[in-house]
Amino acid sequence: MFKHYMSAIVILLFMSGCVNTGNQTLGERRQAVNDMRDLAIADIVNAYPSVKPKLSDSPGYAVFSNANVNLIFASFSGGYGLAHNNISGKDTYMKMGEAGLGLGIGAKDFRVLMVFKSETAFERFVDTGWVFGAQADATAKATDKGAATGAEVVADDIEIYQVTEAGLALQATVKGTKFWKDRALN
């Protein structure tokens, strides 16, 4: 069983590092994250039209590309993204890692948009980056075919929206997620 967990961690570390290939310049790596942000926001606004005014009215938002693997009793995720401060206009490039306990199996690639309802919540997120919550979802999707459904509960003045790009998963977990500043891109 330990080999399976270690394999999942290695896969996620590889997947979360895909945006930071050594052959790209710093500007190209930042642009790859910016492109992901733009596509993710477009997909999420398409799925949840009510989020569009919340984006511009909020003190800030964060967008992440995330890959998740769930192996029976444990869930692991890794990804990258950025937090945008609507007041200053500054982007903070970030990475993320997630671990959870619960029942499930599968893997999925998804995008997450967090809209912050207060400046304090946004600043705390960028500075400390911890988010705890619970998640339940069912995913069976490849490109535009299939479907995904899910729900996520997070407190602390943060609304979360998610769209699944691809994957096959059935899980219910309690999880903790750590977000941190990407020293290479900031």
> Given the residues Y48, Y61, which is the only one that is within 29 Å of G106 (Cβ to Cβ), modelled with pLDDT of 90 or more and touching a strand residue (DSSP E or B) at 6+ places or on another chain (Cβ under 8 Å)?
Replying inline: Y61
> Does the range 59-68 include one or more residues that are part of a helix (DSSP H, G or I) and of a type in the set (S, T, Y)?
Replying inline: no
> Pairs under 6 Å by beta carbon, first residue free of Cβ contacts under 8 Å to residues at least 60 places away in the same chain and farther than 11 Å from G81 by Cα in the range 28-47, partner basic (K, R) and surrounded by fewer than 19 Cβ atoms within 10 Å (Cβ to Cβ), six or more apart or different chains?
Replying inline: V45/K52
> Out of the range 85-117, which residues are of a type outside the set (F, W, Y), buried (at least 23 other Cβ atoms within 10 Å of the Cβ) and either part of a loop (DSSP other than H, G, I, E, B) or without any contact (Cβ under 8 Å) to a residue 60 or more places away in the chain (or both)?
Replying inline: M114
> So which of T139, T149 ends up being of a type outside the set (K, R), surrounded by 21 or more Cβ atoms within 10 Å (Cβ to Cβ) and at pLDDT below 85?
Replying inline: T139
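The values are calculated or read from the model by the stated rules, or taken from the named source; none is laboratory data. Remember, predicted model here, so these are calculated numbers, not experimental data. Neighbour counts are summed over all protein chains in view; Cβ atoms, including those assigned to glycine, are modelled from backbone coordinates with ideal geometry.
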